[in-house]
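Undergrad: Before I ask anything, let me first share the structure, which is written out below as structure tokens.
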Amino acid sequence: AASGGGEAGVCTLPVLLLFLPGLAAGPAGMLQPRDTPSRERRELGGLWSFRADLSPGRDAGFAQRWYRRPLRQTGPVIDMPVPASFNDITQDPSLENYIGWVWYEKEVLLPLRWLQGDPAPRVVLRFGSAHYYSIVWVNGVQVVEHEGGHLPFEADISSVVQGSPGTLCRITVALNNTLSPHTLPPGSIQYMTDKSRYPKNYFVQNIRFDFFNYAGIHRPVVLYTTPAAYIDDITVTTTSSDSVATVQYQVSVVGSTANSLSLSLRDQEGKVVATGDGPVGELKVLNPNLWWPYLMHENPGYLYSLEVQMQAQVGRALLEDVYTLPVGIRTVHVTSTQFLINGRPFYFHGVNKHEDADIRGKGLDWPLIVKDFNLLRWLGANSFRTSHYPYAEEIMDLCDTYGIVVIDESPGVGIKLPESFGNRSLQHHLAVMEELVRRDKNRPSVVMWSVANEPASELPPAAHYFKTVIAHTKALDPSRPVTFVTDANYALDHGAPYVDVICVNSYFSWYHDPGHLEVIPLQLTAQFENWYKTYQKPIIQSEYGADSVPGLHSDPPMMFSEEYQQAMLREYHSVFDKKRKEYVIGELIWNFADFMTNQGTTRVLGNKKGIFTRQRQPKAAAFVLRDRYWKIANESSCLPPVITSHSLFL
């Protein structure tokens, strides 16, 4: 639990968090910013000015209108890197566990060409993510407000910057990391009223998920331009049969009715393989190169480029806009016992991850991202789940490119309290799924949506809640299966009837019967058989694992030793090998790497269930998993049985 002090009014922090007036992010398209012949982008990473609001009510920034002038004029500021979490950057323990409003500011000079013209270009400010609740001003004018810490939001700031004297653009962000029973993920503020034990007005942020609630501007901030009339959104779905693939598309244009709209699909050599025109249609591709997962084909992750060109008359000007979207041609289908990609059975042998690392917290870091993908491929992993929130677009781009299959999960983790199943929470959850599908709908690597992790799905309200969320997600995207990850009893789970794939977490001999490896075969077998008998749906073991402290050894194996982690994995694997011949379609280890959590008596500087350390060094269990995954790849691949961990990766 994170802590802080404050006056009685601080208890309204969650209300302040949710009901400040402002401009909500609209339902427009959310195409990833790209440089094209008609568009420019400029990243605003680096050092920003930063100030935490340490006033008793955490409200001095609003009362004194810090956004009206440079932040340095409001009081002491420090340098803060963006993207990064702010928690671990300084030596200040109060910032490590700070709850409330913090303020960021960046001053940039805009090119004159962005401010002139008839019509002038559209200038957009975009945040990849900021945790949790954001209000943004440009030159003192509020431009956008957004709830949620893991998805992008943006604002058209053209009228603000083009109406201001000069080219200076001052961007101010107020960010609040408070979680309430109705946020996603949920949390609660608890006041400690025993004055003999706690300071006056002492409160803690309670959370019901096992990772640190890092906060800050976690992903890139970008300024980009488009013409005044522009391509707003593109939706692509693909089908294939025999030697022909169909790419169905829908393009939306904003600002004017397009005079012409043309599309060209190019292969990786730049050859045009199909063309089309108009906002809705389909492209036929002969002898297509399908998008295949890593280790399932000698050329995984094949991507075409869909170039969309628009011309529109705005006043006397003929405007042109160009946008290029990567497209992978693949199909997904679920039966009662199999998960099919391009008509072939796919077995998930992968990991669960976190966006988490030393110092930077959840901040996007390219060296770390590339290292993680190198480790995934070294491991022979073909998939991961974005536990427990959507990951950065930059990570998803590499999944598309490398052929790493993704179960794309919403931030619906820790939904435990009855009030978190009410209509207010439900409506927000529906909105988050709209944002997630809008962002990732065109990604071939995304083969399934997960709407939640380990909710209290045994509670009666969970039936309506998950029936509604899953139906809404399917309506947004009929092309993909939908699941949520459960740890409830199979006979009591009210959400399971509505999923396409059963994803179940279990920690036999760890949280249950700790230290008793001998119970795993019986309990895990019963788990699978009970779930399948009840629902007749394929099953993924979406979490299993054990903590191990690097360098701690014990023979016979004892808990927290590297040997115990190895032994637990082997016991689980023996059952997996029997059941994957029937209806078990995947296994995802918890976790890829050690990660930070709140402090507690069961956590020694975080969760140690990683097969890699937080610094990405392998534990003994990594080699157990590597041998297994490459063996499975050789058994199930359509390639000749000469695949090794060296031939396709090193």
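The values are calculated or read from the model by the stated rules, or taken from the named source; none is laboratory data. From a predicted model like this one, the values you see are computed outputs, not experimental measurements. Heads up, the Cβs are rebuilt from the backbone with ideal geometry, glycines too, and the neighbour counts pull from every protein chain shown. Calculation scope for accessible area: heavy atoms of the full protein, side chains included, ligands and nucleic acids excluded. Shrake-Rupley method; radii C 1.70, N 1.55, O 1.52, S 1.80 Å.
Undergrad: Whether any residue in segment 531-538 is open to solvent by 30 Å² or more (accessible area, probe 1.4 Å), within 28 Å of Glu419 (Cβ to Cβ), β-branched (Val, Ile, Thr) and part of a helix (DSSP H, G or I) is what I want to check.
TA: Taking every residue of segment 531-538 in turn, none turns out to be open to solvent by 30 Å² or more (accessible area, probe 1.4 Å), within 28 Å of Glu419 (Cβ to Cβ), β-branched (Val, Ile, Thr) and part of a helix (DSSP H, G or I).
Undergrad: Do we have Ser420 as over 17 Å from the mean Cα position of the chain (by Cα), open to solvent by less than 20 Å² (accessible area, probe 1.4 Å) and among the hydroxyl-bearing types (Ser, Thr, Tyr) here?
TA: yes
Undergrad: Could you pull out the residue among Ser336, Ser260 that is in contact with a Pro (Cβ under 9 Å, 6 or more places away or on another chain) and surrounded by fewer than 18 Cβ atoms within 10 Å (Cβ to Cβ)?
TA: On the way: Ser260 fails: in contact with a Pro (Cβ under 9 Å, 6 or more places away or on another chain).
Of the residues listed, the single one that is in contact with a Pro (Cβ under 9 Å, 6 or more places away or on another chain) and surrounded by fewer than 18 Cβ atoms within 10 Å (Cβ to Cβ) is Ser336.
Undergrad: Just to be sure I understand the filter: pairs with C-beta atoms under 9 Å, separated by 6 or more residues or on different chains, first member in segment 584-604 and over 18 Å from Asp356 (Cβ atoms), second member open to solvent by 10 Å² or more (accessible area, probe 1.4 Å) and of a type in the set (A, V, I, L, M). Which pairs pass?
TA: Sorted first by the residue in segment 584-604, then by its partner, the pairs are Ile585/Val334.
Undergrad: Okay, moving on. Filter segment 65-95 for residues that are part of a helix (DSSP H, G or I) and open to solvent by 50 Å² or more (accessible area, probe 1.4 Å); which is farthest from Cys169 (Cα to Cα)?
TA: First, the residues of segment 65-95 that are part of a helix (DSSP H, G or I): 66-68, 71-73, 93-95.
Keeping just the survivors that are open to solvent by 50 Å² or more (accessible area, probe 1.4 Å) gives 68, 72-73, 93-94.
Numbers: Arg68: 13, Arg72: 15, Gln73: 17, Pro93: 33, Ser94: 31 Å.
The qualifying residue farthest from Cys169 (Cα to Cα) is Pro93.
Undergrad: Filtering segment 286-314 down to residues that are crowded, with 21+ Cβ neighbours inside 10 Å and out of contact with any Gly (no Cβ under 9 Å at 6 or more places or on another chain), which residue is farthest from Val254 (Cα to Cα)?
TA: Only one residue fits best here, namely Pro288.
Undergrad: Has segment 103-111 got any residue that is in contact with a helix residue (DSSP H, G or I) (Cβ under 6 Å, 6 or more places away or on another chain) and in a strand (DSSP E or B)?
TA: yes
Undergrad: Which residues, counting only those in segment 96-108, are in contact with a strand residue (DSSP E or B) (Cβ under 6 Å, 6 or more places away or on another chain) and surrounded by fewer than 19 Cβ atoms within 10 Å (Cβ to Cβ)?
TA: Asn97, Glu107, Val108
Undergrad: If a residue must be touching a Ser or Thr at 6+ places or on another chain (Cβ under 8 Å) and of a type in the set (Gly, Ala, Ser), how many such residues does segment 229-241 contain?
TA: Here the count works out to 2.
Undergrad: Here is a list of conditions, (1) in contact with a Gly (Cβ under 6 Å, 6 or more places away or on another chain); (2) modelled with pLDDT under 95, and Ser457 meets all of them except one; can you say which number that is?
TA: Condition not satisfied by Ser457: (2).
Yes/no per residue for (1) in contact with a strand residue (DSSP E or B) (Cβ under 8 Å, 6 or more places away or on another chain); (2) part of a loop (DSSP other than H, G, I, E, B):
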site: Arg113; (1), (2): no, no
site: Gln116; (1), (2): no, yes
site: Arg126; (1), (2): yes, no
site: Val136; (1), (2): yes, no
site: His146; (1), (2): yes, no
site: Gly149; (1), (2): yes, yes
site: Val161; (1), (2): yes, no
site: Pro165; (1), (2): no, yes
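Undergrad: Considering only residues that are assigned to a strand (DSSP E or B) and of a type in the set (A, V, I, L, M), look in segment 46-64 and name the one that is surrounded by the most Cβ atoms within 10 Å (Cβ to Cβ).
TA: Checking each candidate, the answer is Ala52.
Undergrad: Just to be sure I understand, how many residues within segment 233-251 are surrounded by fewer than 16 Cβ atoms within 10 Å (Cβ to Cβ) and part of a strand (DSSP E or B)?
TA: Here the count works out to 5.
Undergrad: Just for strands (runs of 3 or more DSSP E) wholly inside segment 443-511: which have at least 2 residues that are within 20 Å of the chain's Cα centre (by Cα) and more than 23 Å from Gln523 (Cβ to Cβ)? Walk me through how you get there before you give the answer.
TA: Numbers: elements: 446-453, 482-486, 502-505.
Filter on segment 443-511 gives 446-453.
Undergrad: Within segment 357-369, is even one residue surrounded by fewer than 24 Cβ atoms within 10 Å (Cβ to Cβ), touching a strand residue (DSSP E or B) at 6+ places or on another chain (Cβ under 8 Å), within 18 Å of Ala130 (Cα to Cα) and among the aliphatic types (A, V, I, L, M)?
TA: no
Undergrad: Can you find a residue that is touching a residue at least 60 places away in the same chain (Cβ under 8 Å), surrounded by 23 or more Cβ atoms within 10 Å (Cβ to Cβ) and in the same structural domain as Tyr544 (by the TED database) anywhere in segment 315-326?
TA: No, every residue in segment 315-326 fails to be touching a residue at least 60 places away in the same chain (Cβ under 8 Å), surrounded by 23 or more Cβ atoms within 10 Å (Cβ to Cβ) and in the same structural domain as Tyr544 (by the TED database).
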